[in-house]
Structures are given as structure tokens and as C-alpha cells.
Amino acid sequence: MCYDISFTIDIKQLSDYFPDLVFDDQIKINFDPVHIVGHSHGNHPIIFRDRDDQQVHCRLMEWGCIPFYVKDEDGFKNQRRTMLNARSERILDDPKSYWYKIRNRRCLIPLTGFYEHREVKGFKNKIPYFIELKDQPLFFLPGLYSVAELPNKETGEVEKRYTFTLLTTNANEIMKEIHNGGDNKGRMPLLLPFELSKKWIDEELPEESYRNILNYMMPAEKLTFHSVYSIRSAKMRPDEKAKNAFYQWEHLAEIVL
């Protein structure tokens with residue numbers, strides 16, 4: 001599944017893609033844009049269509065859905081780790097899932113790239129890769145968002161908490177080779193061309209169009225990828241380059257399709 005992403009642009013550039021975008025707050029980014037870790041449940045700028053004015057808005061939301069019915073945030077802490085990603089197959093066809101309940105709360109997660117880990121024979125640890133879209137330096141993953149009313153731990157006042165999940169699908173040929181181990185091997189983010197991303201947050205999305213988006217498969221040739229140094233370690237890179245920069249692992253076999 002996808003728990004590591006990158007967002008290395010000025011947030012104002014989102015208006016280049018959505019000219020009428022409304023920024024809900026004076027958004028201040030307080031994370032490392034090169035490597036954003038899902039399990040930290042930090043804020044990310046999320047694009048969605050506001051239910052009141054039907055305009056496209058951008059606001060900070062926390063990664064990892066908190067369902068609207070949750071009243072005890074601490075009691076939900078462990079389960080929230082499973083809410084970072086949502087399988088696209090469950091949204092329309094699993095009425096018992098939470099994703100079905102919030103299927104019309106559609107949003108977009110802007111990225112410049114994401115990370116995934118590959119199991120390689122002879123290596124003790126998995127090798128991380130950085131993946132981008134060739135023709136989309138900035139792209140938008142489809143997601144779902146949730147709004148829960150929870151007490152502020154400092155003031156005790158009830159506040160609305162906006163949280164999101166990103167959608168995953170079956171991996172294409174490239175991603176099957178990279179994400180080849182673990183309980184969720186063979187998955188990748190639901191990557192979309194920009195026109196489908198825009199359609200995802202249309203005011204109305206007929207079920208047929210909804211399914212077409214959920215079933216979209218980004219062609220492998222549209223992806224570019226390279227190995228990077230360990231991203232989940234506090235240990236500095238030997239070459240002192242950025243986390244998303246290419247790193248040559250000795251004896252690492254290339255991916256050949």
C-alpha cells in the first residue's frame with residue numbers, strides 16, 4: 001500500500017490546475033515535502049468540492065480517516081493505521097465498508113511522486129523506489145475524506161476534524177515488480193490522467209463514470225522510477241542528497257519487463 005509520498009512544489013501552483021480554487025485557510029506547510037509519512041497522520045493540502053457552495057476548495061486534512069461516528073479518538077488510534085489507504089474495489093461493491101458510506105465525499109491528493117519498497121534476493125532490507133508520472137510533474141490521486149466531530153484535547157471544545165484516505169488498485173507491470181512483497185503486495189495508488197482526476201470531484205458523478213475511474217489502469221510506460229536510499233531510517237544518506245534522489249545500490253539487479 002502507499003504510505004510514503006512527496007509534494008515538492010509551491011502550494012500556490014495548485015491554482016494553475018484549478019483556476020477557481022478556493023483556499024479555505026492561510027495554509028502553512030509544516031512537513032518535509034520530499035518525504036511525507038502516512039503513519040504520522042500529518043496534514044496535507046487536499047482538493048475537494050465543498051458541499052455548501054459547490055466550489056472547488058483546498059484545505060489541510062489529516063492523512064488517515066477518522067470515521068464520522070468515532071467519539072473516542074484515542075480508542076480508535078490503532079485502527080486508524082488501517083485507514084490510510086482504501087481499496088478501490090470496496091467503495092461501490094462493499095456496502096458494509098466505511099468507504100461505501102462516504103463514497104460521495106471525493107477528494108484529490110496532490111503529489112509530485114511516491115515511494116514503494118521492493119524485495120530483492122540477497123538484500124536484508126527492502127529497497128525503496130521513488131516513482132513519478134512522466135507527463136505529469138504534479139498529479140492528483142483520488143481519495144475520500146471524512147469529517148468527525150471530536151473534542152479538542154487542550155480546550156475540550158468539539159471541533160470538526162477533516163481526514164482523508166487515498167485509493168489503491170491492482171498494480172501495473174512496473175509496480176508488480178517494485179511492490180512485490182508484504183501483505184499488500186501487488187498494489188499501487190490509483191493513478192489517473194489529469195482529466196479523470198478533475199472528473200473525480202465533479203458535482204455529480206454517475207455510477208458508470210465512477211466505476212470507469214475506479215477501474216482505470218495507468219500504463220506502465222507512463223511511469224518513471226529509480227532506487228533511493230533508505231527513507232524510513234534516521235541514518236543520513238552517505239552522499240547527503242535528498243531522499244528522492246537516485247541512489248545506486250551495489251549489486252542491485254535492474255527491473256526488466
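The values are calculated or read from the model by the stated rules, or taken from the named source; none is laboratory data. All figures in this text were calculated on a predicted structure; none of them were measured in a lab. Don't worry about glycine lacking a Cβ; one is built from the backbone with ideal geometry, like all the others, and counts go over all protein chains shown. Quick note on the areas: whole protein, heavy atoms, side chains included, nothing else; ligands and nucleic acids left out. Shrake-Rupley method; radii C 1.70, N 1.55, O 1.52, S 1.80 Å.
Couple of notes before you dig in:
- Filtering region 97-122 to residues that are of a type in the set (Lys, Arg) and modelled with pLDDT of 95 or more leaves 101, 103, 105, 106, 118.
- Taking region 90-126 as the range and being small (Gly, Ala, Ser) and assigned to a strand (DSSP E or B) as the test, only 113 passes.
- Hey, residue 233 of a type in the set (Gly, Ala, Ser) and within 23 Å of residue 48 (Cα to Cα) or not: no
- Consider region 209-236 and keep the residues that are hydroxyl-bearing (Ser, Thr, Tyr) and touching a Lys or Arg at 6+ places or on another chain (Cβ under 9 Å). The one that is surrounded by the most Cβ atoms within 10 Å (Cβ to Cβ) is 229.
- Tally of residues being surrounded by fewer than 16 Cβ atoms within 10 Å (Cβ to Cβ) and either touching a strand residue (DSSP E or B) at 6+ places or on another chain (Cβ under 6 Å) or within 21 Å of residue 76 (Cα to Cα) (or both) across region 151-181: 10
Table: residues versus (1) open to solvent by less than 50 Å² (accessible area, probe 1.4 Å); (2) assigned to a loop (DSSP other than H, G, I, E, B); (3) without any contact (Cβ under 8 Å) to a residue 12 or more places away in the chain.
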site: 2; (1), (2), (3): yes, yes, no
site: 5; (1), (2), (3): yes, no, no
site: 8; (1), (2), (3): no, yes, no
site: 12; (1), (2), (3): no, no, yes
site: 19; (1), (2), (3): no, yes, yes
site: 31; (1), (2), (3): yes, yes, no
site: 34; (1), (2), (3): yes, yes, no
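- Single unsatisfied condition, residue 184 versus (1) open to solvent by less than 40 Å² (accessible area, probe 1.4 Å); (2) under 18 Å from residue 129 (Cα atoms): (1)
- If only residues of region 238-253 that are in contact with a Ser or Thr (Cβ under 9 Å, 6 or more places away or on another chain) and open to solvent by 100 Å² or more (accessible area, probe 1.4 Å) are counted, the one that is nearest to residue 114 (Cα to Cα) is 246.
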